[in-house]
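Read the structure below first, then the notes.
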Amino acid sequence: MKTVRDFNVKNKRVLVRCDFNVPLDEQGNILNDFRIRQTIPTIKYLLKEKAKIILMSHLGNPEGEMVPELQMDKIQERLIEILEISEHLDVSITKTPSCKGYEIEKYIFGLEPSEILLLENLRFYKEETDNDPEFAKSLSRLGDIYINDAFGVCHRSHASVVGVPQYLPCGIGFLIEKEIQNLERLLKNPKKPMIALIGGKKVGTKSKVIDKILEVADFVLISGLIKEEIEKTGMVFKYPEKLIGPVDSIICEGKGLDIGPKTIKLFKKKIRKAKTIFWNGPFGMTEKEEFQKGTFKIAKAIARKWFCFSVAGGGETIEFLNRKRLISKFDHVSTGGGAMLSFIAGEPLPGLEALRPKG
Ligand code: 3PG
């Protein structure tokens, strides 16, 4: 697979798929910009090499509708802040009002080397998630080279992820390169015992990959929500003895909103013995102070460990670790949630497959 370094990008229009899908609060403010910051090395490289840069991403799940709160303006503002204030770069970032059509072409036409264009939210178009070939073709016309730096979305067969690279020379950016290096380290001769902790939302997607993760990990510790999903759908596993669910929980209005003290103790015991850990998804409703104790105890137990390779990932996990100032305690924090799980489960990621040389 090629990387951005393998191309002569000078004066070329480089179309970069990013994952700027950051968590927002109810007022639409960015709660955590980790994913945006992780894309900066690729953007800085393209600026230095005098490429004409076109960034594209989704934000939230507007399901093909234009949702004002999910417009990319706040991403544009944050990118400007990061590049100008933190990186001391004098940059021009223009946001386009849409992703396709003639109006976009006038922006592309006027783009100078080392200037940045940010396209409007890709998921305002249903064609994006439908992987519509015409939509992919129209996006591909905006660039000369396609770079995928959106690891978090590589498990989705969407137009901007798998469609566009069919029409352009393509490769990965520095973010994806780093993700692959670190996640492969988890898979190639991991120090044992290896444990996986899986919680959070999107339980359907997550529970589907657990069987494969049980093949590589010594134990998989799951949240109450995932346990419920497994029971509800009657899933059967090859190594059920390796799967450990909560033994108690904090109940509020009939719902388990956090793991209980016995589960915390049980999980911490497994964490203490582990030499390799990967973690995706909180274990309680961490948006609320009163239900974040279990997740916090787990995070601290991992953070305190020495001589252990630790990887965490997923939007909610990143947001939580950032809030608790624990991000730096992990060896690698993946920008991917579902994508990270699929990678660990050994499933081919459509977004990466699409970049492999044809034939
Ligand atoms: C994520 O948040 O994991 C990625 O941005 C992918 O988002 P999705 O699950 O809405 O496709």
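Bear in mind that the values in this text are calculations on the coordinates, not laboratory data. Computed from a predicted structure; not experimentally measured. Cβ: placed from backbone, ideal geometry, glycine included. Neighbour counts: every protein chain shown.
Descriptive notes on the structure:
- Sorted peptide list for 304-316, 22-34, criterion being average Cβ within 10 angstrom, highest first: 304-316, 22-34
- Cα gyration tensor shape of region 4-175, rounded if a/c is under 1.5, else prolate or oblate by comparing a/b with b/c: rounded
- Peptides 272-284, 118-130, 67-79, ordered by how many other C-beta atoms sit within 10 Å of their residues on average, highest first, read 272-284, 118-130, 67-79.
- Prolate/oblate/rounded call for region 189-344, Cα gyration tensor, a/c under 1.5 rounded: rounded
- Unsatisfied cross-links (Cα-Cα over 19 Å) in the set LYS126/LYS208; LYS2/LYS208; LYS238/LYS262; LYS227/LYS255; LYS188/LYS227: LYS126/LYS208; LYS2/LYS208; LYS238/LYS262; LYS188/LYS227
- Positive-end residue of PHE343, GLY260, GLY173, charge dipole of the chain with Cβ unit charges: GLY260
- Sequence ranges 246-252, 189-195, ranked by mean other-Cβ count within 10 angstrom, highest first: 246-252, 189-195
- Helix 174-187 axis, angle to the chain major axis (alpha carbon atoms, nearest 10°): 30
- Sequence-separation-based contact order of the chain, relative, with Cα cut under 8 Å and 6+ spacing, percent: 17
- Charge sum, other residues only, whose C-beta stays under 11 Å from LEU70's C-beta, Lys/Arg counted +1 and Asp/Glu -1: -3
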